[in-house]
Each structure stands twice: as C-alpha cells, then as structure tokens.
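One structure below.
The values are calculated or read from the model by the stated rules, or taken from the named source; none is laboratory data. Note that the coordinates shown come from a computational prediction; the quantities given were computed from them, not determined experimentally. Heads up, the Cβs are rebuilt from the backbone with ideal geometry, glycines too, and the neighbour counts pull from every protein chain shown.
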Amino acid sequence: MSTIASPAAHPIAAAAHPLRQPIAQLYKVTRRYGKVTALDGFSLELYPGEVVALLGPNGAGKTTAVRLLLGLLSPHAGQVRVLGGDPREDLTRTRMGAMLQVSRVPEMLRVREHIDLFRSYYSHPLPAAEIVRMAQLEGLENRLFGKLSGGQKQRVLFGLALCGNPDLVFLDEPTVGMDIESRRALWDRIRALSASGKAVLLTTHYLEEADMLASRIVVIRDGKDVAHGTPAQIKHQTGGRRIRCITRLDADWISTLPGVVTVAQDREALLIHTEAPEPVLRELFAADASLHGLEITSAGLEDAFLSITQSHAPNSQEVLQ
Amino acid sequence: MNAATATIARPPAPLGFGYYLRALLQETRYEFIGRMRLRAFSLSVIGFPVMFYALFGLMNGHTPYATYLVATYSCFGMIGACLFGIGVGVSHERMQGWLDLKMASPMPRWSYLVAKLVSCAAFALIIVTLLLALGLAFAGVHITVMQTLGLYGVTLAGAIPFSALGILIALLVPPNAAPAIINLIYLPMSFASGLWMPLKYMPHWLQNFAPVLPAYHYGQLALGIFGYAQPGPAATHWEALATFTCLMLGAAWWIFSRSETRA
C-alpha cells in the first residue's frame, strides 16, 4: 500500500513547496511556562537561503520559538524538526549556529581563544582565520573579551555562531549596542550568509533591520502567528498612506471622513493615516483653503507592525477608546 | 561569498573518541586559563591556604602541627577551588546566558562540568605543591614519598564531592549572592571540621557535630596519611564522602530538571 501511495504523494508535496524541504520547522507548537502560554499552536518554516525575521513585542514568544529550535526547550505539544532531526540531539546541533543575547561572556579569554574553544565543539569547523574574516575581527584576535567595545563583542558572538560552518543560523537581536556603521557592516555579513545558501532566523526589535534583511517576516503576538509575508506584503496589509499637514480643521471632524483610520496631533501639524489619500485630500482642500505644509508618505513597516499587533490586542484598544 | 563558506554536503558522521577528547581538553584548558587570569579568583583561592600556612604552619614549625596543617590546608584549598570555581562560575554562566549559548552548540554536555572539575583539581595541585614546599623548606616537615603521593591523591579525590556541592550551590543561589553564601558555608565548615586546628582543642559539642560535615571526613582522610586522624577505619570516611556526593548530585539533578520544565 504505502509503496504505491508514496510516489504519488511526492510530486504534490514538491509542487506545494518549490523551495525544497524546510530546513527547520515548528509545527503547531505549544509551550507553556506554568500557567502562561508562550507559544500557542505556532507554526514556522525556514527554507535554505532565506532570512526570516521574527517580529513581535516583548513577551510575544520570539525567544521561546528560538529556544525550541535550538533544542534548549521541549514543546508541550506539536513538533520541532531541524535539519531532519531533533535539535535536542548533539548531532543535529553540529549544523546550526546561534548568536544569543548574552549579558556577560567570560572576559578573561582572548578573542582567538573563544573562537578556538567553539571550533573544538564541531567535527568540521571553519578555519579560525576564516571566522575572523567573516566576523570582521582582524586585529582584535589577541584582545581580551572584557576589553572590547559593545559592537566588537557582538561581532565575536557572531563569529562564534559561524564556527561550525552552519547551514542554519539563529541571530537573536544581533545588532544591539552597535553603531550605525558596524550595524550596516553586519547586515552585509548576514546577507552574504543567506546568499551562500544558509537559512537565517533573525529576531529583532529594529524594524528597519527586518525590512532591510528579511525575505520573509513573521509577526508574532501572544504566541500566535498574526501576520506573515514579505516586508512589502506586511506593509501592504495595513496599506494606506500617512498625510501630514498644518490645518485649521478639527481632528475629530477629519476622523469621520471616509477612509481615515487614525488622526493624531504631531506638534503643529496633524498626522492622518488613511487607506486612500486622494478623496481625503479633496475634502481637506475643499474645507480649508489655508491648509499647508503637506507631506504624504507611505506607511512604513513600523506602522504596519503597530497596527497588526494592536488590532490583535482588544484590551489595549478598549483602553485607547 | 567564497567557497569555504558555501554549504558543503557533509555526512552526519558520528563523533569519535578523538573529537570528545579534543573538546574536553580545549574546554579544560580555557577554563583553567580564564580562571588563572581572573586575579580575584586565583589570588584568593591559592593565596588563602598558603597565607594561612605561612602564618600558622611556620609559627608552629618543627612540631607535628606543621605537618597536620599541610594536610588540612590542602583540603581547605581544594574545597575553596571547587566552591568558588564551580559554585560562583556556573551560577554566573547560567544566569548570564553564556551556558545557554554553549548548550545551543554541540558541546558535549558532560565536558562542561568535567572541565570545571579538572580545572579546580589543577588549582588544588598548585596549592598542595606550595604548601609542601613551605612545610619542607621552612617548617621542618618530614614526610615520605608515599605520604606525599597519598596527600596528592586524597586531595584530588575531594574534587568530586565538593564539585557536587558547588553545582548544587550554583543551581540554588543567584550569582550576586553566591560568593557571600559560599563564604558562609566554606569558612564555618572548615573551622568546625578541624581544618584550621585539631578538633581535640574544640568544645565537645562541636566534636560531636563534626562527623555531619563532609569536610570533616575529607580532612580525616588526609590526616590519616600522617597518622593524625581520629581513631576509626578510613572506609567510613570514604563512605561518608560517597554518600554526600550522591546526595548533592541527586538534589542538583532534581532542581535542574524542575527548572527545565518550568523555564
């Protein structure tokens, strides 16, 4: 039976996932801490060569998802598969690398020694010189970890994640404490990783970072996937534009116009968030000839993120109203 | 991106003995180097027993007490290295996320603790060697080669029970409080176990209480090498230390698995 059924099943599965098999997968995973449900039937798939950004407010379940994929936690329900195995097994972990938020790293070891130690955990590590180059640590090899700047420390942690030449890389808030220049440099390294076919799962609270790097964004709130898609799709979901203008008109009246989502005071001007700007503008011009300082921008990822996460929080909306 | 970083098809080869040996050696090496460079640790853990011996051992030079103190300060040094090295060390690395990062790598889990234990034992070797050098050179201590080897052996054996206690402390105590709590255990226990002065000079109730303490049995084993132990068979002391180790590891295991399901 099964030998007849399986050849027929395969082409369908392949057609559904033209990007090959997922390299990592959470399938309907539920994980609780005591009475708090951190993840609630959450599913996530990662494919080779893509950068997926996991976005969500604090306590949404981002870290729990990463810890499950790293094998640091066990799910209460559902399945975790990474590289065709269970991440709680050492052998599975030889093909992944992680950059986690570490508040303190042993400070009395030199950069080169930290790399040497992490290389010893893998049977086929990258050469140390290669790791130094990829994490841009040239010239810092003999520096004690405690003597590095915040950005340099993050780069060492990035380097440690690459020691085993992983196919799957987890980056938890990778650019915290970095200046703009080194942040952009790290973004280039992350893009290079995915260009070489590695899958990257990124959690970040810098929306710009997700926008710049991610091929796919998953927005998570209260342990559930509330939106996913490319950055453009996520932005499109809330659609709309932002109108900023200085006007004598009453904000309450503007909010009654068709298509207006929100109206807010921004210093001397009004900020009007709308699905379609043209009809709103016609009304505004007709009612106020003195309207000036007009700016129209498309809603950024930040607006999209706020509107997605807020629309799923009935409590906070009630408070606002 | 160049060829070295491109995804290479690798068979999931089972990890061999060589891999585990190398991982353990590297882990131990860097644990020891890191501890040694941490002056607050290395100076106090080596410095205190050696300084105490320089004061009290040399003061009582050319008496049996000089030899007595070589044995007991060796034990005192080993206990300190384990409690501070493992108790404080693991507590910090666990709370600060460093242990998580290591656990997310394929690092063999056991090598983390074994490396810490071996590193503590290395500190104890340094302490015993310095104490013997001081004793032989300045305090008129005369001991045989067999006694020297015996002292090294017994001292190193103490790494196991007191590392177990260190692990339990690391799981129970937050890193900021760990040094203070450890001093509250370490110093009174050492005193009450006769590691600073012979038990016969102490009040009776303390002499009766001492056998409850693991450091007492440890000290008795070391003193037994030189014939200064309380009367009784050495086997009971080994048994007491083995029981203590099992209790500590059992409690640590219970707490660890409870925190795993909750965390």
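Points worth noting:
- In the set (1) loosely packed, with under 15 Cβ neighbours inside 10 Å; (2) at pLDDT 80 or above; (3) β-branched (Val, Ile, Thr), the condition left unmet by A:ILE12 is number (2).
Here is a yes/no grid of residues against (1) in contact with a Ser or Thr (Cβ under 7 Å, 6 or more places away or on another chain); (2) assigned by TED's automatic domain parsing to the domain that holds A:GLY97:
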position: A:ARG155; (1), (2): no, yes
position: A:VAL169; (1), (2): no, yes
position: A:ILE180; (1), (2): no, yes
position: A:ILE190; (1), (2): no, yes
position: A:SER194; (1), (2): no, yes
position: A:GLY223; (1), (2): yes, yes
position: A:ILE243; (1), (2): yes, no
position: A:PRO258; (1), (2): no, no
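- Any helices (runs of 4 or more DSSP H) falling wholly within segment B:1-118 and containing at least 1 residues that are modelled with pLDDT of 95 or more and within 30 Å of A:PHE170 (Cβ to Cβ): B:17-37
- The residue pairs whose first member lies in segment B:16-31 and is at the interface with chain A (Cβ under 7 Å from one of its Cβ atoms) and surrounded by fewer than 17 Cβ atoms within 10 Å (Cβ to Cβ), whose second member is of a type in the set (Gly, Ala, Ser) and not in a helix (DSSP H, G or I), and whose beta carbons are closer than 7 Å, counting only pairs six or more residues apart or on different chains, are B:ARG22/A:SER120.
- Which listed residue is under 30 Å from A:THR94 (Cβ atoms), surrounded by fewer than 16 Cβ atoms within 10 Å (Cβ to Cβ) and of a type in the set (Phe, Trp, Tyr), from B:TRP110, B:TRP98: B:TRP110
- Residue in segment A:34-42 that is surrounded by fewer than 20 Cβ atoms within 10 Å (Cβ to Cβ), more than 9 Å from chain B (Cβ to nearest Cβ) and at positive phi present: yes
- Yes/no for B:TRP253 being free of Cβ contacts under 8 Å to residues at least 60 places away in the same chain and within 20 Å of B:LEU113 (Cβ to Cβ): yes
- Against the test of being in contact (Cβ under 8 Å) with a residue 12 or more places away in the chain and surrounded by 13 or more Cβ atoms within 10 Å (Cβ to Cβ), the options B:ALA229, B:ALA164 yield a single qualifying residue, B:ALA164.
- A:PRO57 being modelled with pLDDT under 90 and in contact with a helix residue (DSSP H, G or I) (Cβ under 7 Å, 6 or more places away or on another chain): yes
- Test result for A:LEU157, closer than 20 Å to A:VAL200 by Cα, more than 7 Å from chain B (Cβ to nearest Cβ), modelled with pLDDT of 90 or more and assigned to a helix (DSSP H, G or I): yes
- Any hit, segment A:134-148, residues being hydrophobic (A, V, I, L, M, F, W, C) and within 24 Å of A:THR64 (Cβ to Cβ): no
- Candidates A:GLY59, A:GLY49, A:GLY84 - the one that is in contact with a Ser or Thr (Cβ under 6 Å, 6 or more places away or on another chain), over 30 Å from B:ARG35 (Cβ atoms), in the same structural domain as A:LYS224 (by TED's automatic domain parsing) and surrounded by fewer than 20 Cβ atoms within 10 Å (Cβ to Cβ): A:GLY49
- In segment A:160-170, the residue that is farthest from the other protein chains (Cβ to nearest Cβ) out of those that are touching a helix residue (DSSP H, G or I) at 6+ places or on another chain (Cβ under 7 Å) and assigned to a strand (DSSP E or B) is A:VAL169.
- Selected residue (only one of A:LEU91, A:LEU117 is surrounded by fewer than 22 Cβ atoms within 10 Å (Cβ to Cβ) and within 8 Å of another protein chain (Cβ to nearest Cβ)): A:LEU91
- Check on B:ARG94, without any contact (Cβ under 8 Å) to a residue 12 or more places away in the chain, under 20 Å from the mean Cα position of the chain (by Cα) and over 21 Å from B:SER44 (Cβ atoms): no
- Test: residue in segment A:93-105 that is more than 30 Å from B:GLY89 (Cα to Cα) and at pLDDT 85 or above: no
- Spans of helices (runs of 4 or more DSSP H) in segment B:161-263 with at least 3 residues out of contact with any Phe, Trp or Tyr (no Cβ under 8 Å at 6 or more places or on another chain), among the hydrophobic types (A, V, I, L, M, F, W, C) and closer than 28 Å to B:LEU149 by Cα: B:178-192, B:234-262
- The set of residues in segment A:223-259 being under 17 Å from A:ALA53 (Cα atoms) and acidic (Asp, Glu) consists of A:ASP225 alone.
- Filter pass, A:ARG67 being under 19 Å from the mean Cα position of the chain (by Cα), surrounded by 13 or more Cβ atoms within 10 Å (Cβ to Cβ) and either aromatic (Phe, Trp, Tyr) or modelled with pLDDT of 85 or more (or both): yes
- Test: residue in segment A:181-191 that is more than 25 Å from A:LYS235 (Cα to Cα) and within 14 Å of chain B (Cβ to nearest Cβ): yes
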